[in-house]
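Just so it is clear, none of the values below were taken in a lab; they were calculated from the coordinates. Values in this document were obtained by computation on a predicted structure and should not be read as measured data. Counting neighbours? That spans all protein chains shown, and the Cβs are built from the backbone with ideal geometry, glycine included.
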Amino acid sequence: MLEIKTLHLTNALSITLPFIDSAGTPIPINLGAIIGELDSCILKNMANPAGPLIMKTTLEWTNSDSRSFVTYIRQVDSFIPNLVSPFTMEATKDVLNCIYVRYEGPEKWLLSAFREAELMVKDTKISLTGEIYTIFVSHEDETDLVVTDLYIPTSDLPKNMK
């Protein structure tokens with residue numbers, strides 16, 4: 001059975017990067033450097049992280065091509081005004097009507113959680129927006145086990161599911 005939730009974000013600092021170019025070629029991303037940039041921005045503005053790293057992937061389709069972006073989000077304990085590019089800040093953001101999936105297992109099988117959610121909606125009248133929010137709840141380096149919460153926004157839930 002599908003579980004529908006709202007993702008609430010507060011003081012969300014983010015940076016968005018292209019993930020796949022218009023030709024379909026993956027663009028390498030140095031995650032350690034990105035997290036370092038976010039943490040540096042947080043410290044420079046005398047704020048503190050408030051919660052785990054969130055990764056939002058976005059797929060955009062047009063008639064001629066598709067593009068993919070990844071946005072890394074850190075919630076902080078206070079609003080940071082006047083940020084300069086590439087950073088953005090949202091005081092509050094509610095992502096409504098999300099399919100929620102918790103995944104616990106080897107990181108290399110995380111993609112299976114996405115596939116599971118896709119299969120759950122396949123036979124319903126639910127349309128997905130092309131966004132996925134992945135919250136990295138925990139990660140054990142020794143075993144490579146992760147706990148993630150996936151929030152997959154829908155564009156039009158049937159009334160009986162709201």
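Per-structure values
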{"read-out": "Helix-only CD estimate at 222 nm, as mean residue ellipticity for the chain, using -39500 (n - 2.57) per DSSP H run (n ≥ 4)", "value": "-5500 deg cm²/dmol"}
{"read-out": "27 Å Cα cut-off, lysine pairs counted over the chain (separation 8 or more, or different chains)", "value": "23"}
{"read-out": "Estimated FRET transfer efficiency (Ser155, Thr25; beta-carbon r; R0 25 Å; 0.05)", "value": "0.35"}
{"read-out": "Kirkwood Rh, Cα atoms: Rg over Rh of the range 4-161", "value": "0.97"}
{"read-out": "On Cα atoms only, tilt of 110-122 relative to the major axis of the chain in degrees", "value": "40"}
{"read-out": "Extension gain (nm, one decimal) between Met55 and Phe79, 0.36 nm per residue minus Cα-Cα", "value": "6.7 nm"}
{"read-out": "Assigned charges on the beta-carbon of Lys, Arg, Asp, Glu; the chain dipole about Cα centre (debye)", "value": "520"}
{"read-out": "Added length on full extension, which subtracts the Cα-Cα distance from 0.36 nm per residue, Leu110 to Ser138", "value": "8.8 nm"}
{"read-out": "Cα long-axis angle, helix 31-44 against the chain (0 to 90 degrees, to the nearest 10)", "value": "50"}
{"read-out": "Rh (Kirkwood; distinct C-alpha pairs) - the range 75-162, Å", "value": "15.3"}
{"read-out": "GluC sites (Glu not before Pro) within the range 2-93: DSSP coil, no more than 12 neighbouring Cβ in 10 Å", "value": "Glu3"}
{"read-out": "Positive-end residue of Leu53, Thr25, Thr124, charge dipole of the chain with Cβ unit charges", "value": "Thr124"}
